1. Loop only by DSSP, 13 or fewer other Cβ within 10 Å of the Cβ. Give me the chymotrypsin sites (Phe, Trp or Tyr not before Pro) in the stretch 53-130 that pass, ordered by residue number.
2. Mind sorting 97, 325 by how few other Cβ atoms lie within 10 Å of their own Cβ, fewest first?
3. Just how large is the dipole of the stretch 54-277 about the Cα centre, in debye to the nearest 20, putting +1 at every Lys and Arg Cβ and -1 at every Asp and Glu Cβ?
4. Would you mind ranking 51, 60 by Cβ crowding within 10 Å, fewest neighbours first?
5. Under a crude label model (7 Å from the Cα following the beta-carbon direction), how far is residue 111 from residue 139 in nanometres?
6. Would you mind ranking 65, 263, 164 by Cβ crowding within 10 Å, fewest neighbours first?
7. Modelling each spin label as a point 7 Å along the Cα-to-Cβ direction, I'd like the residue 101/residue 178 distance in nm, to one decimal.
8. Where in the stretch 83-166 are there trypsin sites (Lys or Arg not before Pro) that are in a DSSP coil and have at most 10 other Cβ atoms within 10 angstrom of their Cβ?
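Read-outs throughout are calculated quantities, based only on the coordinates presented, and are distinct from any laboratory measurement. No experiment lies behind these values; they were computed from the predicted model shown. Glycine also receives a Cβ, built like all others from the backbone with ideal geometry; neighbour counts cover every protein chain displayed.
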Amino acid sequence: MKRRVYGYSRWRWRLGGYMFLGLAFVIVALVKLQDSVTQDDVHPPDVRNPLKPKLAFLFLARHVMPLDILWDHFFEGSREHEFNIYLHARPGYSYTEENTKCRFFVNRQLKNSIQVEWGEASMIQAERLLLLEALKDPLNERFFLLSDSCIPLYNFDYVYNYVMSSQKSFVDSFVDYSDEQYNINMESVIPHDYWRKGSQWFVLMRKHAEAVVADTTVFPVFVKDCKKVILPDNWDDDPKNNGTKKPHNCIPDEHYIQTLFAMEDLEDQTERRTLTYSRWENQAKGKGREGWHPVTYAFADATLEAIRNIQDLRSIRYETESRTEWCKAAGEDKPCFLFARKFTRAAGFRLLDQVSKYEKPASF
């Protein structure tokens, strides 16, 4: 019998080699699993899914975006497959690296924009154009309408989780019992019982955005009969002194979507509140436009205390309906607002210096 030179048979060497390779594969698999767990702790698995539902941010702007640097910070905390941006500015205006500090705004303007006038139906026409463009992406599931003076109150993840957890749109709406803005010429199409009022700043689910774009009944009536009226300086509210009744001063963007949803029987599918905060004050004659208007936050007003006061709001009171809207998402009490307006560029810069102190964490 031949002597074994090394003390082991050839088959044992082969077995040992196979065991070594198997152990190596196990170690590599464990390392990859650990990496995966670590990554999932930071970004949940669905975040990396390219088919994840998106947020569509629709900005109504004049031209320059004064708070672009603040929005750049906001979108930097996101993943680009989670959102789209659409900008409606005056015709011919383009967003480039030369005129905006937010790289996410570059080349995001609508090519078919129109000239918008405050208090005219052109405002809601621009909203419809933004929605029409955003609906072209089938992954867009929530549609935010924001102004160029809006700021985010929380980071991107918080905003995303907040709206995605709700199966309703957010449309500020209440019954308008007054006749000041309702034109009797509308009655053949829009019964007075369906006349609604509220903020123009909405967050819509996709099916509700589609309803707005598909509307061919209510919108034409607003174009024809809902118009602002500029009264002469010597106007007296007493019709006896003027010899005529005060004309209807209808502001389309305060009524259109709210009235459309009432007529389409969609109100039960909405949270009847806006997610964009405005502080209103009544301006007297001689101080610009008369009536109630949103207050502008300048540099001195942009304090952490002001932001936290807005973040702490948990209910909204509608006196005309004796209704209180308790702010919830996914059945849980939540802050009422995700955005706020109107802020100046200087106020935006001041907040950017303090942004880590007022932004909420990504957890929801």
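1. Counting only loop positions with at most 13 other Cβ atoms within 10 Å, the chymotrypsin sites (Phe, Trp or Tyr not before Pro) in the stretch 53-130 are 118.
2. 97, 325
3. 400
4. 51, 60
5. 2.2
6. Least crowded to most crowded, the residues run 164, 263, 65.
7. 3.9
8. 111, 136
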